[in-house]
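Please find one structure pasted underneath; my questions will follow.
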Amino acid sequence: MKIIPSILAAKLSNLANQIKQRKITYVHFDVMDGHFVPEISFGSFLAREFEIELPEVKLDVHLMVTNTQDQIPFFLGLKNVSRILIHFEGNFHHLRLLRQIRNGGKQAGIAINPETNPESIQSILDYVDAVCVMSVTPGYSGQSFIPGTKSKIKKLAEYRTTFGFKYSIIVDGGITNQLIGDLSKIGADEFIMGSQFFND
Ligand code: DX5
Ligand code: ZN
């Protein structure tokens, strides 16, 4: 079980200090383009600054963008990026994108919105290192966990056992310490934590 802090919920003006003080070595990095989701957050410029200023911190890049294929190369060029999550929704050639990420030496993951069912991604599960179940509507920190997404975590854990897939199951959105126990029991491995982590 692994908790990954999401810097979308951190105070950006004091980000480096917060990371150093709390000895954080892995962060979830939400890239938002104002199109796939309403708001704009940050992108590869900030990731590059991390590489220079905080080289010990690895990034888990979550691309909530429309032009995924244009963004991937920027992040493949950075040493501090360890994983790139693309969305199922809004993309067409998932396998090509996932292959591009893996060929670039990074782990590749697929993220699904609360409205998307695991059945939709069954045929690509053999090609991913992680599946990210969005448990809120993407785009904002501080929303409440959607309980209906639990059945999707169960289903993905079931597929993994039945077919021998190797992916880890990530849950992103509305994660609290209280939820982690329950979600681990049904098969989740990694928990993205934004507001609960940085506001505590
Ligand atoms: C939401 C982002 C999440 C978000 C999580 O679109 O993908 O990573 O920052 O924040 P909390 O934990 O506050 O829901
Ligand atoms: Zn995220």
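The values are calculated or read from the model by the stated rules, or taken from the named source; none is laboratory data. In this text the structure is predicted, and so the values were computed from the model without any measurement. With ideal geometry, Cβ positions are generated from the backbone for all residues, glycine too; neighbour counts draw on all protein chains shown. These area figures cover heavy atoms from the full protein model, side chains too; ligands, DNA and RNA do not enter into them. Shrake-Rupley method; radii C 1.70, N 1.55, O 1.52, S 1.80 Å.
Residues are listed down the side, and each one gets a yes or a no for (1) farther than 16 Å from Gly173 by Cβ; (2) within 14 Å of ligand 2 (Cβ to nearest atom):
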{"position": "Met1", "(1), (2)": "yes, no"}
{"position": "Ser6", "(1), (2)": "no, yes"}
{"position": "Gly34", "(1), (2)": "yes, no"}
{"position": "Val61", "(1), (2)": "yes, yes"}
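Assess whether Gly105 counts as being more than 24 Å from Val57 (Cα to Cα) and surrounded by fewer than 18 Cβ atoms within 10 Å (Cβ to Cβ).
No.
Here is a further query. Of these, Ala130, Ala111, which one is modelled with pLDDT of 95 or more, buried (at least 18 other Cβ atoms within 10 Å of the Cβ) and in contact with a His (Cβ under 6 Å, 6 or more places away or on another chain)? Break it down into steps so the answer makes sense when it comes.
Details: Ala130 fails: in contact with a His (Cβ under 6 Å, 6 or more places away or on another chain).
Only one candidate passes the filter, namely Ala111.
Same structure again: Here is a list: Asn103, Asn113, Asn117. Which entry is without any contact (Cβ under 8 Å) to a residue 24 or more places away in the chain and of a type outside the set (Val, Ile, Thr)? Let's see the steps before the verdict.
Working: Asn113 fails: without any contact (Cβ under 8 Å) to a residue 24 or more places away in the chain; Asn117 fails: without any contact (Cβ under 8 Å) to a residue 24 or more places away in the chain.
Unique residue meeting the criteria: Asn103.
Something else about it: Could you give every pair whose Cβ atoms fall below 6 Å, whose first residue belongs to the stretch 54-79 and is closer than 12 Å to Phe29 by Cβ and of a type in the set (Ser, Thr, Tyr), and whose second residue is in a helix (DSSP H, G or I) and modelled with pLDDT of 95 or more, counting only separations of at least 6 or pairs across chains?
none
Can you confirm whether Gly187 is outside any helix (DSSP H, G or I) and either within 12 Å of ligand 1 (Cβ to nearest atom) or open to solvent by 40 Å² or more (accessible area, probe 1.4 Å) (or both)?
Working: outside any helix (DSSP H, G or I): yes; either within 12 Å of ligand 1 (Cβ to nearest atom) or open to solvent by 40 Å² or more (accessible area, probe 1.4 Å) (or both): no.
Against the criterion (outside any helix (DSSP H, G or I) and either within 12 Å of ligand 1 (Cβ to nearest atom) or open to solvent by 40 Å² or more (accessible area, probe 1.4 Å) (or both)), Gly187 does not qualify.
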